[in-house]
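The values are calculated or read from the model by the stated rules, or taken from the named source; none is laboratory data. In this text, all values refer to a predicted model and were calculated from it rather than measured experimentally. Positions of Cβ are backbone-derived with ideal geometry, glycine not excepted, and every protein chain shown enters the neighbour counts. Please note that ligands, DNA and RNA were not included when accessible areas were found on the heavy atoms of the full protein model with its side chains. Shrake-Rupley method; radii C 1.70, N 1.55, O 1.52, S 1.80 Å.
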Amino acid sequence: MTAAILLVLLLQFLAADVTPAAAQLLSPGQLAQPHVDVEGMSNCTKCHVLGSQVQPERCLACHETLAARVASGQGYHKDKTTGCVTCHTDHLGRDYQMVRWDRDTFDHAEAGYRLEGKHAEARCDQCHKTASYIGLPTDCASCHLDEHRGQLGPTCADCHTPAAWKPVTFEHSRARFALVGKHTRVECAGCHVTETAMAVMDSSRGAADSSFVRYRDIPFAACTDCHQDIHRGQFSGPPETRNQTQNRNAAPVTDCTTCHVETGWKPAAGFDHTRARFQLTGGHTRVLCDACHRRDDASVDTTTINTTSGGAGMQRFRPLAFGRCTDCHADSHRGQFPGRDCTDCHTDAAWKPARLDHDTSRFTLQGRHEPVPCDKCHHQEELGAGVVGARFRPVPFAACADCHADVHAGQFGVQDCGACHTVAGWKAAADFDHERSRFPLRGRHVQTACDKCHAGVAEGTPTRFRPLPHERCDDCHADSHDAQFVVQGRATDCAVCHQDSDWKPASAFDHDRASYHLEGAHTAVACAGCHPAYTTPAGEQRRRYRPLSTDCAACHR
Amino acid sequence: MGILQNISMRKGAALKDRIITTLTIAVTVTVGAALWYRGSGYYLLSVEQRVDAPLHALLAPAHPVGHLLGWLGLGLMTVMLLYSVRKRVRWMRRLGSLRHWLSSHILMGLLGPLLITFHSAFKVSGLVSIAYWSMIVTMVSGIFGRYIYVQIPNSVLGDGQSPAALAEEARSIEVELERSVSSASDLVAAPRPDGARGGWQALLVLLADDLKRPWRRLRLALALRRAGLPRGEARAAVRLVQRRDLILRRIDLSASLSEVFRYWHALHKPFVYIMFLIAAVHVGVALLFGYAGL
């Protein structure tokens, strides 16, 4: 009876239009939140098939997006055969997450898109913005802002990899402008500048980004499309060759590659000065370019010039006067040669030596004048305006003393040096004749060196020529006899015994004129036998002539 | 037949009951321990974690092992009902002793809920939870009913004697005690009956007496030893006293406990009905949605 009553009550309860809460009486548990709309006893068969549990067809009937992807063989579920409830169990409570997986071990490749590089580090919700993870497009732009604003098309992988946005794998050789030389080392931003465009909402970063880098439609036909013309139009070509649309920085110019190459701005390897109107020869070939092509001023802001020219100011190439040497060179002579061209004396091989023919001057160089360095006569002096240079005109040359100092210190008065000397040489005094002097040379005097008689009074003083005493031998010669022949304070004339021909033998001496006459065996005795040697107090060896004893014993002992 | 022989015979019957009880408990505990041993790693997980556990594919209620346990539990509890049929259908009285039917009823009444509990994976909700907890109440009620039932003389699990026969046995024990423990007769004196009690009061007395019994036995043994009784005689005297007191308690509480048992029976059966009724719905829904197979 009790059982019958309970059964009736239960059936009546089940047959009633029950609320979702009451429906839980038969449900094994609450449905998860995504299925809350099918909670209730009348909805059981929306998922459950009578007699066949839960079939995927019922699930996919509602999950149409997934059904379409499964049908087309796409996505993670494309090859799943175990039934939806194997992974997506329900009736486990409102808060139960039916879509669950281990984010650390989930193989995203099974979803049809392998995560590599930075993608593997990204959080799921950085790409999957909604609760559903189904069916994200795999093109980059679906997640990423197109940093290039459509310049480079949708295939980011042509240059970028998932490993990192930079560096790119882009080969610039594929571009119309191949990088060569210095261009290979230029930072990308050197040519590809950041520009500002209309703000674009970056959904991945949630911020407006209005800047992008220009990669396309960059003019490059002319160097000045990127580089500033640091020559400031000096090499501008004719107007018909100019293309204003390609020139953003400066006036159109002759192609820079006429002189410069991409391996480096300097040296201007492509430039050949022979093509210029001024041919470089001689020393000009060794001159630095800057020596002629100087910088005009510092008005050009070189910080904006993409070159390695360095320095301030514009280097002048055209027009550059070169008709006269003084267009470049300063007049070192400060107008000493008015009306004369530098090339009259100088060549472009070198400034020195000048090729001047001194014979064309009023002073012909002869003899020892020829090897004399120019500056011995053309002294350095101030030529004017504080400039010091060699004096060429006027240079006095009428008298030797105009150039030469009087080494005789006026001994010959104003007499012309040519009276004794010639340009062949100072010494030798080829034109001097001692016979014309008051002391003609005889005997050994002829052989005697000049300075034996003509010596300086003291060291450093000029050689003495005039006045020079010469009346007595002892004016020049010293007394070799230790004053033995000085009689009453006056020396005996040397010529009494000696002659000019030689000092020895004293060929003019006659022993008979002595107080002791030689006779007999005495005539055969050597002089030293009777005239002994002695040493003066000054330590000099002398021979005794007088006084000498005539006693026999004085010699014979 | 001497009183000791009589006690010895009763001891054999009690031992048999104890073995059956022990086996029943052992089987239940073993099955429960085995299932827990294999499945605890799964059962201890939260509902959300279970879905990802390897054992989910086996032990979840709708999955093979869990499903099998449900069918086995339901089957045991259904077969268990044959005991009630056996009691009521005349021709079945020939099929074994009612005592054995009751023992089987008890065994299946323990195993069935145990298997259903593992089938539920320790998580029940909704309507079926009413069935589950009705089942648990029925099982606990059954354990309690058995406890009361054995106290009632002449019951299937009782002494199998009438109250008069029990009184006679008690008197015989008294005589034996006067003979064997004359020197300490005051220690083994019979308790005086408390007189008539209500059913619930009798139940409390029963519970209190059973709780005190081990201590009372120990105190008596010690007292007899102090009184100078040898160990063997003291032990025999304690057994006689225990038996006599049990007989006297059963005689004393017989009427009251019989009344309690009737109330119990009235309570036990509705839960059985509720349980089977909702279980039938649960199974019906499961079958309807295709969860019949393993």
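Search region A:55-86 for residues being outside any helix (DSSP H, G or I) and in contact with a strand residue (DSSP E or B) (Cβ under 9 Å, 6 or more places away or on another chain), and hand back the single one that is nearest to the other protein chains (Cβ to nearest Cβ).
So in region A:55-86, the residues outside any helix (DSSP H, G or I) come out as A:55, A:63, A:72-75, A:80-83.
Of the ones still in play, those that are also in contact with a strand residue (DSSP E or B) (Cβ under 9 Å, 6 or more places away or on another chain) are A:55, A:83.
Details: A:Gln55: 9, A:Gly83: 12 Å.
This residue is A:Gln55.
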Within region A:60-83, the residues that are touching a residue at least 24 places away in the same chain (Cβ under 8 Å), closer than 13 Å to A:Ile134 by Cβ and open to solvent by less than 40 Å² (accessible area, probe 1.4 Å) are A:Leu66, A:Gly75
Looking at the structure I just gave you, is B:Val260 within 14 Å of chain A (Cβ to nearest Cβ), aliphatic (A, V, I, L, M) and in a helix (DSSP H, G or I)?
no
A careful count of residues in region A:443-487 that are under 22 Å from A:Arg543 (Cβ atoms), part of a helix (DSSP H, G or I) and modelled with pLDDT of 85 or more gives 2
Q.
Can you find a residue that is aromatic (Phe, Trp, Tyr) and surrounded by fewer than 19 Cβ atoms within 10 Å (Cβ to Cβ) anywhere in region B:118-127?
A. yes
A careful count of residues in region B:40-74 that are open to solvent by less than 60 Å² (accessible area, probe 1.4 Å), under 18 Å from B:Gly112 (Cβ atoms) and either away from every other protein chain (no Cβ under 14 Å) or touching a strand residue (DSSP E or B) at 6+ places or on another chain (Cβ under 9 Å) (or both) gives 4
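Identify, from the list A:Ser27, A:Ser52, the residue that is open to solvent by 40 Å² or more (accessible area, probe 1.4 Å) and at the interface with chain B (Cβ under 9 Å from one of its Cβ atoms).
Numbers: A:Ser27 fails: open to solvent by 40 Å² or more (accessible area, probe 1.4 Å).
None of the other options fit; the residue is A:Ser52.
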**Prompt:** Hey, does region B:17-38 have a residue that's assigned to a loop (DSSP other than H, G, I, E, B), modelled with pLDDT under 80 and away from chain A (no Cβ under 14 Å)?
**Reply:** no
Within region B:99-152, restricting to residues that are in a helix (DSSP H, G or I) and basic (Lys, Arg), the one that is nearest to B:Val205 (Cα to Cα) is B:Arg146
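For B:Ala280, indicate whether it is free of Cβ contacts under 8 Å to residues at least 24 places away in the same chain, surrounded by fewer than 20 Cβ atoms within 10 Å (Cβ to Cβ) and either within 14 Å of chain A (Cβ to nearest Cβ) or more than 28 Å from B:Tyr132 (Cα to Cα) (or both).
Working: free of Cβ contacts under 8 Å to residues at least 24 places away in the same chain: yes; surrounded by fewer than 20 Cβ atoms within 10 Å (Cβ to Cβ): yes; either within 14 Å of chain A (Cβ to nearest Cβ) or more than 28 Å from B:Tyr132 (Cα to Cα) (or both): yes.
So B:Ala280 passes the test.
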Only one of (1) farther than 21 Å from B:Ala167 by Cα; (2) open to solvent by 30 Å² or more (accessible area, probe 1.4 Å); (3) of a type in the set (A, V, I, L, M, F, W, C) does not apply to B:Leu220, and that is (2)
Checked against (1) open to solvent by 50 Å² or more (accessible area, probe 1.4 Å); (2) under 22 Å from the mean Cα position of the chain (by Cα); (3) touching a residue at least 60 places away in the same chain (Cβ under 8 Å), B:Arg239 satisfies every condition except (2)
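I'd like to verify a number: residues in region B:283-294 that are at the interface with chain A (Cβ under 7 Å from one of its Cβ atoms) and either in contact (Cβ under 8 Å) with a residue 60 or more places away in the chain or within 29 Å of the chain's Cα centre (by Cα) (or both), how many? Let's see the steps before the verdict.
Filtering region B:283-294 down to residues at the interface with chain A (Cβ under 7 Å from one of its Cβ atoms) leaves B:285, B:288-291.
So of that shortlist, the ones also either in contact (Cβ under 8 Å) with a residue 60 or more places away in the chain or within 29 Å of the chain's Cα centre (by Cα) (or both) come out as B:291.
Final tally of qualifying residues: 1.
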Taking region A:494-503 and keeping only residues that are loosely packed, with under 13 Cβ neighbours inside 10 Å and either of a type in the set (A, V, I, L, M, F, W, C) or part of a loop (DSSP other than H, G, I, E, B) (or both), one is left with A:Ala495, A:Val496, A:Ser501
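When you check B:Ser254 against the structure, is it at pLDDT below 85 and among the polar types (S, T, N, Q), yes or no? Spell out how you get there, then give the answer.
Values: at pLDDT below 85: yes; among the polar types (S, T, N, Q): yes.
Yes, satisfied.
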Selection from region A:132-145 of residues assigned to a loop (DSSP other than H, G, I, E, B) and either open to solvent by less than 50 Å² (accessible area, probe 1.4 Å) or in contact with a helix residue (DSSP H, G or I) (Cβ under 8 Å, 6 or more places away or on another chain) (or both) yields A:Ser132, A:Tyr133, A:Ile134, A:Gly135, A:Leu136, A:Cys143, A:His144, A:Leu145
